[in-house]
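One structure below.
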Amino acid sequence: MPQTDSKLILQTNLRTYFFESLSSINAESICPMPESLIYYSSDLLERFCLTEDYFEIQEGKVREKILGMKLLESTNLSSVEQVRVLRDVADTSLLVSSYFSDSLRKKVVDASYYSNIGKNAYERLNNVSPHYLDIPSFYHMLATSFDRVGLLLKKFSVQSFNTKEQSLFDLSELFNRKVS
């Protein structure tokens, strides 16, 4: 049986681990992202660490979230419910299109579909509730930085699973590109 090189993570909580890991990757970038985006991303990874958060139960059956439909239906909800649904759609789209992008190989839609849904949901969320950590227009900033945050999460995924070393080089060109 081949020996695997696994590591034990010793942190008081997952958010701290995610924040330190993402900060380290971000520090290597030519144009690092604001710390608030790193904090949000680490919070996101912690909130979605259970696989049950990627699915929903309908009629007693576990099903994938249909994010495009949820985005469309959110316009008919109260503002409190819109915030919850839009954030769920945007956050799920961000993780699926980046950290779990390898899972899209067998799907009809690709990462750009989830990217577009996520950007749209964050922009709409910004219109309903623009503040996060008292930062005005935070979700607009997240929408415009969606691809860069996604690239950071993808790079973290690759490093975490220590697979596909070649993809680190493929991603480095995009990760180090300045975005205006």
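The figures follow:
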quantity	calculated
Residue that is nearest to L44 (Cα to Cα) [pool: residues in region 73-95 that are among the hydroxyl-bearing types (S, T, Y) and under 14 Å from the mean Cα position of the chain (by Cα)]	T92
Count of region 101-131 residues which are outside any helix (DSSP H, G or I) and over 19 Å from L71 (Cβ atoms)	1
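Bear in mind these aren't lab numbers, they're just calculated from the coordinates by the rules spelled out. Because the structure is predicted, anything quoted here is derived from the model rather than measured. Methodologically, a virtual Cβ is constructed for each residue, glycine included, from the backbone with ideal geometry; neighbour enumeration extends over all protein chains shown.
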